[in-house]
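The values are calculated or read from the model by the stated rules, or taken from the named source; none is laboratory data. Because the structure is predicted, anything quoted here is derived from the model rather than measured. With ideal geometry, Cβ positions are generated from the backbone for all residues, glycine too; neighbour counts draw on all protein chains shown.
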Amino acid sequence: MRLLVTGANGLVGSAVCREGLARGHGVFALVRENSDLSLVPEACTLLFGDFTSYHDASRAITDSRADVVIHAAAVVSTGRPDLEKSLGVNVEGTRHLARAARDGGVKLWLQVSSMSAHADNRSIYGGTKFACDQVVRAAGIPFIIFRPSLVYAGIPRGIFFKLVSICSKASLLPLVGDGSEPVRPIHADDLAATMIRSVGVSSAVGGTYPLGGADPMTFRGLVGEICTGLDRHPRIIPVPRPICRLGALALELISGNPPLTTDNIEGLLRAQFVDHARAGAELGHAPRAFRVGLRESLEEMQSALPGVA
């Protein structure tokens, strides 16, 4: 198959590209001019353009003769929340790309959504990703939607790396509320493997699949596992949620990349348990244990974490 991947220079998109190549597919990476291409596998065919432009998207689909579009690009919640940008990219951008895919005869659309994409999540990220999924459903293209829990890997970027960085330095570690929210961290390679495996599974078309790692845990448990993996033992201090919101809002006012955002808090508090039993039965989803993936990821991250041996 010929796969056109957006967000190919990101944590998830690059994993999807690697898995697609390993499975023998032709992989075309749609990236913007002047993008950081360090994560894009060399065997990918690069196509330069902006998927939020119908013209660029249509040209990429024509040039790649794509059978499958894998949409992994999005404005995420690592930086200061930006409603206008998130609507423009996550919702309207997806609308342009989906129209170009339909007009270009694409056979299948694989959507990288999020566990945050549900109607009860009022965060900018969760809300726009939920709207994005609705756009995909209405686009007139066969689709499969994947809603992963927190995605991690050994790449020094994204929410997981930010969390690891905080845990590696702090002697006092504030926790949002009591940390009882459910999370099921999934390695990017395991997410990519299940997505690529779904290509050609006709029974999966039209489905929405929650995906997580092998180990369900609480957010506090996740923080504890990371600290143990780093051989760090900070004092964890629960902080009332209203105070956390005020603190995050203050940080957003002074930094474009704060350690905690109001979107992060809202998404965490609206987290839902990820049950991937259906993905296991229908798509062979068999993710690695978190401690295994964490150990691998921390080893890869060492150079980006000063003082961590």
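Below, the figures for the structure above:
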read-out: Residue among V274, V223, V239 that is aliphatic (A, V, I, L, M), out of contact with any Asp or Glu (no Cβ under 6 Å at 6 or more places or on another chain) and over 23 Å from H187 (Cα atoms); value: V239
read-out: Test: residue in region 248-265 that is in contact with a strand residue (DSSP E or B) (Cβ under 7 Å, 6 or more places away or on another chain) and exposed (fewer than 14 other Cβ atoms within 10 Å of the Cβ); value: no
read-out: Qualifying residue in region 79-89 (condition: within 22 Å of the chain's Cα centre (by Cα), of a type in the set (S, T, Y) and closer than 23 Å to T261 by Cβ); value: yes
read-out: Residue check for D133: over 30 Å from E92 (Cβ atoms) and under 18 Å from the mean Cα position of the chain (by Cα); value: no
read-out: Leading residue by the ranking (nearest to T52 (Cα to Cα)) among those in region 111-123 that are surrounded by fewer than 24 Cβ atoms within 10 Å (Cβ to Cβ) and not hydroxyl-bearing (S, T, Y); value: A117
read-out: Test: residue in region 74-93 that is charged (D, E, K, R), touching a residue at least 24 places away in the same chain (Cβ under 8 Å) and in contact with a helix residue (DSSP H, G or I) (Cβ under 7 Å, 6 or more places away or on another chain); value: yes
read-out: Options G280, G247, G267, G256: the member that is at pLDDT 90 or above and either under 19 Å from L150 (Cα atoms) or touching a Gly at 6+ places or on another chain (Cβ under 7 Å) (or both); value: G280
read-out: One residue from S202, S198, S168 being in contact with a helix residue (DSSP H, G or I) (Cβ under 6 Å, 6 or more places away or on another chain) and of a type in the set (S, T, N, Q); value: S198
read-out: Cβ pairs under 8 Å, 6+ apart, first in region 40-57 and free of Cβ contacts under 8 Å to residues at least 40 places away in the same chain, second of a type in the set (G, A, S) and in a loop (DSSP other than H, G, I, E, B); value: V40/A8; C44/A8; D56/G49
read-out: Test: residue in region 127-138 that is part of a loop (DSSP other than H, G, I, E, B) and without any contact (Cβ under 8 Å) to a residue 40 or more places away in the chain; value: yes
read-out: Evaluation of G158 against (1) under 30 Å from R65 (Cβ atoms); (2) in contact with a helix residue (DSSP H, G or I) (Cβ under 7 Å, 6 or more places away or on another chain) (one fails), failing number; value: (1)
read-out: Selection status of A117, at pLDDT 95 or above and either closer than 23 Å to A204 by Cβ or not in a loop (DSSP other than H, G, I, E, B) (or both); value: no
